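Asks: First, the structure itself, so that you have it in front of you.
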Amino acid sequence: MFDVVIVGGGPAGMAAALGLVRGLGLSLGVAVFGTLLTRELQGRAPSPAATAAAIPDVLFWGAPAAAVLMALLTLLPREAH
């Protein structure tokens, strides 16, 4: 679908497609980290101390996933063909 938008729309189509991909990536990142944080906070009373205690566990799972995704970004083409 993105290839069709990029080829058919020229620079404007490419900008729209990249904006959509960026938006989807940001939404997915927030959802994943939010899910991890919610999982870590289960059974605890909501408080700043509980949230602060859960952050290291969230980063333990989230940081490697983010690193893998950043590495996969290097596989994306730099220019539309």
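Asks: Karplus couplings for the range 55-72 from phi (6.51 cos²θ - 1.76 cosθ + 1.60, θ = phi - 60°), rounded to Hz, Gly and Pro as x?
Replies: Using θ = phi - 60°, the values come out as 4, x, 5, 5, 5, 4, 8, x, 5, x, 5, 5, 5, 5, 5, 5, 5, 5 Hz.
Asks: Distance in nm between label sites at ALA52 and ALA65, each 7 Å beyond Cα in the beta-carbon direction?
Replies: Label at ALA52, label at ALA65, 2.5 nm between them.
Asks: With each label point set 7 Å from Cα along the Cα-Cβ vector, what nm distance links LEU24 and LEU73?
Replies: Here the modelled spin labels are 1.7 nm apart.
Asks: Please list 27-40, 59-72 highest first by mean number of surrounding beta-carbon atoms within 10 Å per residue.
Replies: Numbers: 27-40: 13.3, 59-72: 11.6.
The packing order, highest mean first, is 27-40, 59-72.
Bear in mind that the values in this text are calculations on the coordinates, not laboratory data. Because the structure is a prediction, the values reported are computed rather than measured. Glycine gets a Cβ as well: all are built from the backbone with ideal geometry, and neighbour counts include every protein chain shown.
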